[in-house]
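Colleague: Quick one: the structure is below, and I'll ask about it shortly.
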Amino acid sequence: MLSYISLHLPLNLPNFRQSRVTPRPILLRPDNFTRPQRTPWGGTRLLREFKADALGTASPPAIVGESWELSATPELPSATLYGESLGALLARDPVAMLGAEARLGRTSTGLLVKWLDAAEDLSLQIHPADDYRGLAPDQSGKPECWYVVAHAPGAGLYLGFQPGTDEARVRAVLEAGDDLSACMVFVPVARGDVIAVEPGMPHAIGRGVTLIEPQVVLPARRGVTYRYWDWNRRYDADGRPDAGGKPRALDLEHALAVTDWAQATDPTTLARCRAAGGWPAEDTNARVEPLCGPEPESPVRSPHLRMARALGDGQVHLPDWDVLRSLTVVEGSLTLLGPGFELPLNRGHTAAVPAVCGALRIRLAQAHAVIAGLAL
């Protein structure tokens, strides 16, 4: 168990322990890490770089694959710095917190935001749509977007199959014990790249890539990932590579059943689902730039998620999407400003911003932050 006493707390942090939710942003704990057994491919960049300031002198695990920055899921829920669960806050005042989601009858959010660091290739995998008949009652699909924040030289992603690949070809490769990645499209990445991964699209994050990953998981359910192949790796009980250990479970029949073969092998589709955003300097005038969403002007189209980034020095306004939003600081620092409060965030911190806060002011100090929310 980590020691959290030394986590850096802003001195003027508002107190949110009350019977109803005050319409203010909520600073979330920066150490909602998955266990190494769940993410044996994890690395050290999150801890060495992006989370170092937020964690202070706490003693995190040696390896971290994922930090679930904003989560109301039963698997790994987020908590505020005072220890209250995000889910409890949402349920107390869903109209103020969730906006358009509450008008759908929800008391919790479908937004899940992760920070992910891959020291090794992830399994070659796919997510189903919510209406896939193979899902259990407590399971959900998991459309997602990626925003690349760091990478090793030559690192990239696997996205879709090579043209002409079909179910028979994938089965033949796996039955022969061959490398399935040879059938996939490898895409080198650069910082600032944006990728939308729709249900039915085969994919894998490659070794050396660190990214922010907003996802949609239906409230009170678990997002599902089906694995085609896991590089023939074996692990011990603690998630360490071990030739004498056990392989991770595969889900080949489900993976094949949900594959959208027409989209997954179409070069035009694969080109449309990604865009190069570049990595801007933080000492420029403050601005907010769209990254993905349903709007035609979005660099990457997604019917499920919106992402934007706030950059530079000065003041801007948070996009008013009428939903709960996450704001994650990648570089520099910023302060969220509203009636009666100022909430500072440093690199590695994430805040949950209620829908009722609308176009909240942000004061940026050579900052780079990622904003995410559902597209409803």
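The values are calculated or read from the model by the stated rules, or taken from the named source; none is laboratory data. Computed from a predicted structure; not experimentally measured. Positions of Cβ are backbone-derived with ideal geometry, glycine not excepted, and every protein chain shown enters the neighbour counts.
Colleague: Restricting to region 317-376, and then to whatever is touching a helix residue (DSSP H, G or I) at 6+ places or on another chain (Cβ under 8 Å) and of a type in the set (K, R), can you tell me which residue is nearest to P294 (Cα to Cα)?
Modeller: The qualifying residue nearest to P294 (Cα to Cα) is R325.
Colleague: Still on this structure: Kindly provide the set of residues from region 235-255 that are surrounded by 12 or more Cβ atoms within 10 Å (Cβ to Cβ) and aliphatic (A, V, I, L, M), ordered by number.
Modeller: L250, L252, A255
Colleague: How about region 257-271: which of its residues are closer than 14 Å to A196 by Cβ and not small (G, A, S)?
Modeller: If the condition is that a residue be closer than 14 Å to A196 by Cβ and not small (G, A, S), then D260, Q263, T269, L270 are the ones that fit.
Colleague: Of the residues that sit in region 326-339 and are in contact (Cβ under 8 Å) with a residue 60 or more places away in the chain and of a type outside the set (A, V, I, L, M), which one is surrounded by the most Cβ atoms within 10 Å (Cβ to Cβ)?
Modeller: It comes out as T328.
Colleague: With respect to E342, determine if the residue is among the charged types (D, E, K, R) and in contact (Cβ under 8 Å) with a residue 60 or more places away in the chain.
Modeller: In short, yes.
Colleague: Residues to consider are T350, T284; find the one that is hydroxyl-bearing (S, T, Y), more than 22 Å from Q215 (Cα to Cα) and either at pLDDT 95 or above or touching a Leu at 6+ places or on another chain (Cβ under 9 Å) (or both).
Modeller: T284
Colleague: Let me ask another. Here is a check on your reading of the model: is R169 in contact with a His (Cβ under 8 Å, 6 or more places away or on another chain), of a type outside the set (S, T, Y) and surrounded by fewer than 23 Cβ atoms within 10 Å (Cβ to Cβ)?
Modeller: Spelling it out, it is not the case that R169 is in contact with a His (Cβ under 8 Å, 6 or more places away or on another chain), of a type outside the set (S, T, Y) and surrounded by fewer than 23 Cβ atoms within 10 Å (Cβ to Cβ).
Colleague: I'm checking my understanding of the structure. Among residues of region 30-70 that are of a type outside the set (A, V, I, L, M, F, W, C) and touching a helix residue (DSSP H, G or I) at 6+ places or on another chain (Cβ under 7 Å), which one is farthest from R248 (Cα to Cα)?
Modeller: P30
Colleague: How many residues are of a type outside the set (S, T, N, Q), under 18 Å from the mean Cα position of the chain (by Cα) and part of a strand (DSSP E or B) when one looks only at region 346-376?
Modeller: 10
Colleague: For a quick check of your reading of the model, give me the residue pairs whose first member lies in region 132-145 and is in contact (Cβ under 8 Å) with a residue 40 or more places away in the chain, whose second is among the hydroxyl-bearing types (S, T, Y), with beta-carbon atoms closer than 6 Å and at least 6 apart or on different chains.
Modeller: C145/S302
Colleague: Continuing with the same structure: Restricted to region 276-298, and to residues that are touching a residue at least 40 places away in the same chain (Cβ under 8 Å) and under 20 Å from V113 (Cα atoms), which residue is surrounded by the most Cβ atoms within 10 Å (Cβ to Cβ)?
Modeller: Filtering first and then ranking leaves C292.
Colleague: Looking at region 185-303, what helices (runs of 4 or more DSSP H) fall wholly within it and have at least 3 residues that are in the same structural domain as A365 (by TED's automatic domain parsing)?
Modeller: It comes to none.
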